[in-house]
Amino acid sequence: MNSDHKRVSIHWIKAILQAAQSLGVEPHAILKSLNLNLDLDANQPAYLSLDQTQDIWKVAEEKSAHAYFGLKMGQRVRPSYFHAVAYVAMTSTNLMQAYENFSAYMPLISEGAELDMAFEGKKMWIYFTPKPDNKPFSRHQHESIVALLLEFSRWLLGDDSLVPMQVTFPHEAGPDLSVYESILSVKPKFKAPQTAIQFPVEYLSRKLKESDAGLHALHKAHADQMLAAHTNSSWRVKVVHCILPSDQFQISREQVANKLNVSSRTLQRRLKEEGTNYLDILDDQRKQKAQELIFMTNRSLKDVAIELGFAESSTFYRACHRWFNDTPKALRLKQQNGQS
């Protein structure tokens, strides 16, 4: 496999094949048609290219001939789909931390997409953004992710009554809207700008049924080692993982470069090749953390500013106005009043 291609974990490949099998399509028939020789029992090879994965999706969808293949797959979610990432998520303190970990370690599952979170008053969006190499994502792939996020959230909380506030898709609806409502518990909005699911902020602080601080530290350390060995991950991801573990929002580019065993100039060049730079990445992580601290905690705004690495509250206020076109005080007041 060309190392320049994005990679997808064999565990996710198995999830696609298991979904097809549940609909009467044998995995070997899919793999044979693509001339792929996989040892699924031994989980080898550990990764396939994203384009190979897209081919598996296409054949699975065609052979199953099921109008809602993606929804059915997402509905059947199992922790094994995510391997080490599942253990980090399930032992997290609450749903918010689980989402953060799931997003941060997603390259271990697939390099072909990103998950981002954004707050809107007393609501939080999770956005799914495909990053294809050469082959576009199908409707079923978009729908599988939303169904999966809902089912996995219910499993983490041990609460099947969890219902999203909104679901959006960029494509047209399938032939029967009642299927969407049955599986997602809400009627989605179609032809929207992005695939996304929205939950009330109050859900995010709920403790997970498998929460365990000790086990979480062990699983996180293991996932960190796996991510470090995942050499094809982007330099942006590597930088984020130097910033996130201890919320080091004052960490310099030189310090990050030292952690990654490269020179500061090399790091700068690698990030430029990916169309970004260190300060933009740091600013984006500060913005995401600011949303969490403003909307989900009652900590003083002065303490929030300090945690985000701002020496002066005025600098923090200017940053918030740049990020959200509002002051942190006004943002918190809107959230408390349930305004978007």
Other residues with Cβ under 15 Å from the Cβ of L271 give, with Lys and Arg +1 and Asp and Glu -1, a net charge of +2
Between rounded, prolate and oblate, where does the chain land on the alpha carbon gyration tensor, with a ≥ b ≥ c its root eigenvalues, rounded for a/c under 1.5, else prolate if a/b exceeds b/c?
oblate
In nm, the gap between the two label points placed 7 Å beyond Cα toward Cβ at D41 and Q336 is 6.2 nm
Please go through segment 263-340 and write out the GluC sites (Glu not before Pro) that DSSP classes as loop and that have at most 14 other C-beta atoms within 10 Å.
E274, E312
With Cβ to Cβ distances under 12 Å as the rule, what net charge do the other residues near W155 carry (K, R +1; D, E -1)?
0
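Using 0.36 nm times the number of residues separating Q166 and L23, minus their current alpha carbon distance, what extension gain do you get?
Taking Q166 through L23 to full extension adds about 48.7 nm, to one decimal.
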Would you mind counting up the charge near G174? Only other residues with Cβ under 10 Å from its Cβ, with Lys and Arg at +1 and Asp and Glu at -1.
-2
Going by a ≥ b ≥ c, the root eigenvalues of the Cα gyration tensor, does segment 134-187 fall in the rounded group (a/c under 1.5), the prolate group (a/b larger than b/c) or the oblate group?
oblate
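For segment 1-93, give the percent of accessible area contributed by carbon and sulfur heavy atoms, probe 1.4 Å, rounded to a whole number.
Details: 1870 of 4110 Å².
Using a 1.4 Å probe with all protein chains present, segment 1-93 comes out at 46 percent carbon and sulfur.
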Three-way shape call for segment 118-235 based on the alpha-carbon gyration tensor, with the a/c threshold at 1.5:
oblate
Please report, as a whole percent, how much of the solvent-accessible surface of segment 132-221 comes from carbon and sulfur atoms (probe radius 1.4 Å).
52 percent
So, with +1 on the Cβ of K and R and -1 on the Cβ of D and E, and no other charges, what is the size of the charge dipole of segment 36-166 about its Cα centre, to the nearest 20 debye?
300 debye
Rounded to whole angstrom, the alpha-carbon centroid of segment 89-111 lies from that of segment 124-178 at a distance of 16 Å
Using a 1.4 Å probe, what is the accessible area per residue for the chain, in Å²?
47 Å²
Scanning the chain for helices, which whole DSSP H stretches are 20 Å or more long along the axis (Cα) and average -1.0 or more by Kyte-Doolittle?
139-157, 213-229, 278-296
For N134 and I306, FRET efficiency with R0 = 51 Å and r from the beta-carbon atoms, rounded to 0.05?
0.65
When the helices in the chain are scored as -39500 (n - 2.57) per DSSP H run of 4 or longer and the sum is shared across all residues, what 222 nm value do you end up with, to the nearest 500 deg cm²/dmol?
-16000 deg cm²/dmol
Using the Cα centre of the chain as origin and beta-carbon charges of +1 (Lys, Arg) and -1 (Asp, Glu), tell me which of W323, F102, S211 is placed farthest towards the positive end of the dipole.
W323
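The values are calculated or read from the model by the stated rules, or taken from the named source; none is laboratory data. Keep in mind the model is a prediction, meaning the values are calculated, not measured. Neighbour counts are summed over all protein chains in view; Cβ atoms, including those assigned to glycine, are modelled from backbone coordinates with ideal geometry. Please note that ligands, DNA and RNA were not included when accessible areas were found on the heavy atoms of the full protein model with its side chains. Shrake-Rupley method; radii C 1.70, N 1.55, O 1.52, S 1.80 Å.
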